[in-house]
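The values are calculated or read from the model by the stated rules, or taken from the named source; none is laboratory data. The structure displayed is predicted, hence computed values, not measured ones. When we count neighbours, we look across all protein chains shown, and the Cβ atoms used for this are built from the backbone with ideal geometry, even at glycine. With ligands, DNA and RNA removed, areas are computed over all heavy atoms of the protein, side chains included. Shrake-Rupley method; radii C 1.70, N 1.55, O 1.52, S 1.80 Å.
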Amino acid sequence: MTSAAERPLLFLDVDGPLIPFGSPSGHPPSAAGDQGNPLLARLDPRVGARLMALGCPLVWATTWMEEANRTVAPRIGLPKLPVLEWPDADAEEGPRGLHWKTRPLVDWAAGQPFIWVDDEISTIDRLWVAAAHPGPSLLHQVDPAKGLEDSDFHTLTGWLDAASGPGGSAASPPLT
């Protein structure tokens, strides 16, 4: 795997990974106003470049939906990204404890390797993806109090390096 089209998809949540819920991180304020959401000041304007440097096609996997493109992306230096649409509330849920995002992520990936960066990933999600998704995947849980940090990017880069190495099949680490 070398080109961006061959790189794994990266599904990205906003609340928790990009907007940490802990105390303000001290990131420089963005030039745009907070548009009524004081938590937007917690966005790290440098994180977009770090995500783009991974070389993966990025997809919003957030309840922010298209608002992520209007409000979050410009503040962190991301272009407009595709947005994963969520199923109706009465759609098939899956096993008890399965996150409501898990099935749509796997459907969108359609067998392609993917990374899911979120703060609400559980063991049930990992087990379900391992059984339902034929390609490599990394379900990476971010500490919602801190958001994406250097250690998270090391994990993502390490998995991508393994996925693009000889044979191109990284095993999904069980507890990230």
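Quick look at the values:
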read-out: Region 34-152 - charge dipole about Cα centre, Lys and Arg +1 at Cβ, Asp and Glu -1, debye rounded to 20; value: 380 debye
read-out: Heavy-atom accessible surface of region 100-165: percent carbon and sulfur, 1.4 Å; value: 55 percent
read-out: For region 57-164: accessible area per residue (Å², 1.4 Å); value: 47 Å²
read-out: Ellipsoid equivalent to region 112-157 - semi-axes via the Cα gyration tensor, in Å; value: 21, 13, 6
read-out: Computed over region 101-157: relative contact order in percent, which uses C-alpha pairs under 8 Å that are six or more apart; value: 38 percent
read-out: Per-residue HN-Hα couplings for region 13-22 [Karplus 6.51, -1.76, 1.60; θ = phi - 60°; Hz; x = Gly/Pro]; value: 8, 9, 6, x, x, 9, 10, x, 8, x
